[in-house]
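Below: the structure, in structure tokens.
Every number in this text was worked out from the coordinates using simple rules, so none of it is lab data. Predicted, not measured: the structure shown is a model, and the values here were computed from it. Heads up, the Cβs are rebuilt from the backbone with ideal geometry, glycines too, and the neighbour counts pull from every protein chain shown.
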Amino acid sequence: MIVKNLKLKNYRNYSNLRIDFCDGLNVIVGANAQGKTNLIEAIYMCSIGKSLRAKFERQTIKWNEDHALISLDVEKKYGKTTIDIILSKSTKKTVRINKIPIKKIGELMGELNAVFFSPDELKLIKESPEDRRRFMDISLSQTSKSYFYLLGKYEKILANRNKLLKLEANKETIIDTLDIWNEQLANVGSKIILSRINFLNLLTPYAVLSHKYLTEEKEELKLEYSGIKGSTEEEIKQKFLDALKKNLEKDLKLCYTTVGPHRDDIKVSINDIDVRTFGSQGQQRTVALSLKLAEIEIIEKQTGEKPILLLDDVLSELDSNRKKRLLKFCKKTQTFLTCTDFEGEADNLIRIENGEVK
Ligand SMILES: Nc1ncnc2c1ncn2[C@@H]1O[C@H](COP(=O)(O)OP(=O)(O)OP(=O)(O)O)[C@@H](O)[C@H]1O
Ligand SMILES: [Mg+2]
């Protein structure tokens with residue numbers, strides 16, 4: 001898919017912007033604090049329906065204004081979609097697809113598929129499992145609305161189970177009621193786990209290839225789902241129920257659920273060495289990038305459409321060979337790349353100065 005254009009009104013430091021994009025590599029250049037990341041953030045918001053940076057979305061509305069608008073046209077194989085997001089300081093945000101407001105954010109999933117990468121993404125490998133779960137969840141949600149809804153359902157059941165664990169009531173009563181939640185948790189949870197395992201199985205060969213490509217064949221990447229595993233929903237469900245039973249005392253003591261897909265992780269190794277513990281910063285960054293490049297391939301495989309690639313400030317973080325190879329890859333898919341200086345061939349060079357195109 002191709003983002004044809006973008007309109008911003010009172011979004012971050014943009015008052016009124018209209019900008020057209022081309023199919024290949026769109027390079028957004030400008031000095032620090034001019035609005036490059038804001039632009040990428042706006043495009044990504046149309047993909048996942050929320051801001052990755054802002055804690056509260058109203059923070060993205062231009063200071064001293066009450067409303068903001070993000071609007072873009074996406075061209076796909078079978079037609080065009082217009083996505084509008086209207087943010088307001090006083091009411092809930094409105095998302096429209098082809099001018100029709102949607103009721104649930106899940107309806108937006110798949111309308112604009114995007115793979116996002118920024119220096120922050122180093123966290124993907126280095127920091128808590130939560131970041132790696134989010135990577136799987138965002139990617140899976142883009143290709144499957146039902147996965148997105150499953151996640152919401154799981155969170156609700158989990159919250160109820162945790163609430164019960166915190167309850168100061170008779171232990172026997174709690175244990176009896178827990179059974180109901182266990183069954184529901186394992187039912188939905190096993191579907192989530194199986195989707196993630198399938199996702200990783202699909203992703204791995206592409207990630208291995210991307211990583212070899214970026215490192216000039218020097219490194220062999222390995223990915224593995226770490227948590228409850230199995231090859232069928234029934235098998236996973238049973239293992240999940242067993243684990244809940246085994247962890248009962250611990251859960252009661254800690255007052256939360258200590259096992260399940262909300263605790264799982266991806267184990268990443270290079271040449272059989274754990275990257276999270278022993279990898280260099282550059283290695284961790286390259287692995288994160290390899291995962292993202294692989295994500296592009298599998299989203300395309302599953303939907304028949306190439307997602308767009310958003311690269312915020314990543315060139316300065318890579319050595320010159322990896323940089324060259326990445327830019328070559330970017331030619332294959334519509335890419336939005338921000339940087340302060342750019343040497344190379346862009347299909348479209350956009351200069352940003354203080355919230356305006358120069
Ligand atoms: N709600 C807002 N209203 C107005 N301006 C804002 C708002 N939120 C952020 N800004 C401003 O937008 C400016 C540009 O931010 P942005 O992160 O896009 O810069 P950048 O071009 O990516 O810079 P860098 O090269 O440092 O990453 C910031 O200086 C900030 O003050
Ligand atoms: Mg920036």
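Evaluating 6.51 cos²θ - 1.76 cosθ + 1.60 at θ = phi - 60° for every residue in segment 19-31, the Karplus couplings come out as 9, 9, 10, 10, 5, x, 9, 9, 9, 10, 10, x, 5 Hz, glycine and proline recorded as x.
What does the extension gain come out to for Glu65 and Glu353, with contour length at 0.36 nm per residue minus their alpha carbon separation? Can you show the working numbers first?
Details: separation 288, 0.36 × 288 = 103.68 nm, distance 2.05 nm.
Difference between extended and current length: 101.6 nm.
Rank Asn113, Asn187, Asn160 by mean-square fluctuation in a GNM of the chain with C-alpha springs under 10 angstrom and give only the top-ranked residue. With Cα springs under 10 Å in the chain, the top fluctuation among Asn113, Asn187, Asn160 is at Asn160. A Cβ-based charge dipole, computed about the Cα centre of the chain with Lys and Arg at +1 and Asp and Glu at -1, lands at about 840 debye.
Tell me, Cys46, Cys22, Cys339 in order of fewest to most beta-carbon neighbours within 10 Å? Write down the numbers at each step before the final one.
Values: Cys46 24, Cys22 12, Cys339 18.
With the fewest neighbours first, Cys46, Cys22, Cys339 line up as Cys22, Cys339, Cys46.
Net charge near Tyr11: determine it from the other residues with C-beta under 10 Å of the C-beta of Tyr11, scoring Lys and Arg +1 and Asp and Glu -1. Walk me through the intermediate numbers first.
Numbers: positive: Lys7, Lys9, Arg12, Lys62; negative: Glu41, Glu65.
Local net charge: +2.
How large is the dipole of segment 123-304 about the Cα centre if only Lys and Arg carry +1 and Asp and Glu carry -1, each at its Cβ, rounded to the nearest 20 debye? Write down the numbers at each step before the final one.
Working: 30 positive and 28 negative charges, 81 e Å.
It comes to approximately 380 debye.
Over segment 100-206, one equal point on each Cα, no solvent: what is log10 I(q)/I(0) by the Debye formula at q = 0.18, 0.22, 0.24 Å⁻¹? So the normalised log intensities are -1.00, -1.21, -1.30.
Order of Glu297, Glu343, Glu130, Glu107 from fewest to most other C-beta atoms within 10 Å?
Working: Glu297 21, Glu343 7, Glu130 12, Glu107 16.
Result, fewest neighbours first: Glu343, Glu130, Glu107, Glu297.
Amide hydrogen proximity for Val314: with H placed 1.01 Å from N in the peptide plane, the residues at 5 or more positions away or on another chain lying under 5 Å are Thr338.
Both radii come from the Cα set of segment 1-55: Rg as radius of gyration, Rh as Kirkwood radius; their ratio Rg/Rh reads 0.94. Between 0 and 90 degrees, rounded to the nearest ten: what's the tilt of helix 320-330 against the longest Cα principal axis of the chain? The answer is roughly 90 degrees.
Rounded to the nearest 10 degrees, the inclination of helix 281-303 to the longest alpha-carbon principal axis of the chain is 90 degrees.
Angle, helix 171-214 long axis vs. longest principal axis of the chain, Cα atoms, 0 to 90°, nearest 10? For helix 171-214, the angle is close to 40 degrees.
Backbone amide hydrogens, once placed in the peptide plane, bring Ser226 within less than 5 Å of Asp265, Ile266, Lys267, excluding anything fewer than 5 places away on its chain.
Would you work out if segment 1-99 is rounded, prolate or oblate? Take a ≥ b ≥ c from the square roots of the eigenvalues of the alpha-carbon gyration tensor; rounded if a/c is under 1.5, else prolate when a/b is larger than b/c, oblate otherwise.
Taking the square roots of the gyration eigenvalues as a ≥ b ≥ c, segment 1-99 is oblate.
The three principal axes of the Cα atoms in the chain give end-to-end lengths of 69, 54, 37 Å, sorted in falling order. Extension gain, Glu172-Lys4: 0.36 nm per intervening residue step, less the Cα-Cα distance, totals 54.4 nm. Once you reduce segment 147-196 and segment 214-285 to the center of their Cα atoms, the two points are 20 Å from each other. Coupling constants for segment 218-232 follow from the phi torsions by the Karplus curve (6.51 cos²θ - 1.76 cosθ + 1.60, θ = phi - 60°), and in residue order they are 7, 10, 9, 8, 9, 10, 8, 6, 10, x, 6, 10, x, 10, 10 Hz; glycine and proline get x.
Rounded to the nearest 5, what is the percent of antiparallel bridges among the DSSP beta bridges in the chain? Intermediate values should be presented prior to the final figure.
On the way: 40 of 57 bridges.
Around 70 percent of the beta bridges assigned by DSSP in the chain are antiparallel ones.
Taking label positions 7 Å along the Cα-Cβ direction at both Glu217 and Glu155, the computed distance is 4.6 nm, reported to one decimal. Label sites at Arg58 and Gln238, each approximated as a point 7 angstrom past Cα along Cα to Cβ, lie 5.3 nm apart. Per residue, the average separation of C-alpha pairs within less than 8 Å and at least 6 apart gives segment 123-304 a relative contact order of 31 percent.
Our summary of shape: the Cα atoms of segment 123-304 have principal axis extents of 61, 37, 24 Å, ordered from largest down, in whole angstrom. Pair-distance distribution of segment 263-316: all C-alpha pairs, bin width 10 Å, starting at 0; shares per bin in whole percent are 20, 40, 33, 6. Taking the number of Cβ atoms within 10 Å of each Cβ as an exposure proxy, the fewest-first ranking of Leu39, Leu315, Leu221 is Leu315, Leu221, Leu39. Phi-derived couplings, Karplus 6.51 cos²θ - 1.76 cosθ + 1.60 at θ = phi - 60°, listed residue by residue for segment 44-59: 5, 4, 6, 8, 9, x, 8, 8, 7, 9, 7, 6, 10, 5, 5, 5 Hz, with x used for Gly and Pro. With the simple model of a label 7 Å out from the Cα in the direction of the Cβ, Lys50 to Cys22 spans 3.7 nm. Entry note, the chain: the mean residue ellipticity at 222 nm calculated from DSSP H runs of n ≥ 4, each adding -39500 (n - 2.57), is -14500 deg cm²/dmol after division by the residues and rounding to the nearest 500.
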